[in-house]
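Structure record follows, encoded as structure tokens.
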Amino acid sequence: MAVSLGWLYNFLQNLLKESQKIILERKKKEETERLLKEKNREKTKKEKLRQIIRIKQFYSSKPNSAGGVDFNIIWQNKSDKTVKYATFEVVPYNAVGDIVECTIRNSSTFRGQVTGPIKKNKWNGYGTTWSNAWYNNTIKKIKITGVDIDYVDGTSETLYSSDIEYVKY
């Protein structure tokens, strides 16, 4: 009887090890599939966003004698729709990467609006500037934190700060 109990014990130990191995392999497979789905979702999101707008360039001017800083955004309508309005939300930063405020309006965020119509694949922003968006002589660079696009057909799109990286190319 002792021999058969030892055999049974070994059998159960091996069965437990095999079960744990199968469970671990299944978890690895599920994690791999989850990561692949997330990557595909990110790729799909990127492709969708790139069918809305392309931002080629954006930059701020040096402060003028009163501390006024201008900015410019060069962008392209990549949508099949005609843009009625495009509103860019922009925030300025100083040389060490801190957000700074306009000394007059006491706000860092500026919303610059473009009035269309801007048809598919047309570029906008060449030769245009938002003058004195901020008054602060420490501004060194800007970051686009959002874009709202209204189309002439009444629909709209909103791009958030995390979306901007996909449309800058």
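The values are calculated or read from the model by the stated rules, or taken from the named source; none is laboratory data. Owing to the predicted nature of the structure, the values given are computational and were not obtained by experimental measurement. We place every Cβ from the backbone using ideal geometry, glycine too, and count neighbours over all the protein chains shown. In case anyone asks, the SASA skips ligands and DNA or RNA and just uses the protein heavy atoms, side chains included. Shrake-Rupley method; radii C 1.70, N 1.55, O 1.52, S 1.80 Å.
Side notes on the structure shown:
- Some residue of region 63-83 being small (Gly, Ala, Ser), assigned to a loop (DSSP other than H, G, I, E, B) and open to solvent by 80 Å² or more (accessible area, probe 1.4 Å): yes
- Qualifying residues in region 84-110 (those that are among the β-branched types (Val, Ile, Thr) and assigned to a loop (DSSP other than H, G, I, E, B)) - the one nearest to Leu159 (Cα to Cα): Thr109
- Neighbours by Cβ (under 6 Å, 6+ apart or cross-chain): first from region 41-66, over 21 Å from Asp150 (Cβ atoms); second among the charged types (D, E, K, R) and surrounded by 13 or more Cβ atoms within 10 Å (Cβ to Cβ): Ser61/Asp70
- Unmet requirement for Arg54, which otherwise passes all of (1) in a strand (DSSP E or B); (2) surrounded by 14 or more Cβ atoms within 10 Å (Cβ to Cβ); (3) more than 16 Å from the chain's Cα centre (by Cα): (3)
- Lone qualifier among Asp150, Asp163 - being of a type outside the set (Ser, Thr, Tyr), in contact (Cβ under 8 Å) with a residue 40 or more places away in the chain, open to solvent by 50 Å² or more (accessible area, probe 1.4 Å) and within 24 Å of Thr44 (Cα to Cα): Asp150
- Residue match in region 13-33 (condition: among the hydroxyl-bearing types (Ser, Thr, Tyr), open to solvent by less than 60 Å² (accessible area, probe 1.4 Å), out of contact with any Cys (no Cβ under 9 Å at 6 or more places or on another chain) and more than 30 Å from Thr128 (Cβ to Cβ)): yes
- Selection count, region 95-138, where residues are in contact with a Lys or Arg (Cβ under 6 Å, 6 or more places away or on another chain) and open to solvent by less than 50 Å² (accessible area, probe 1.4 Å): 1
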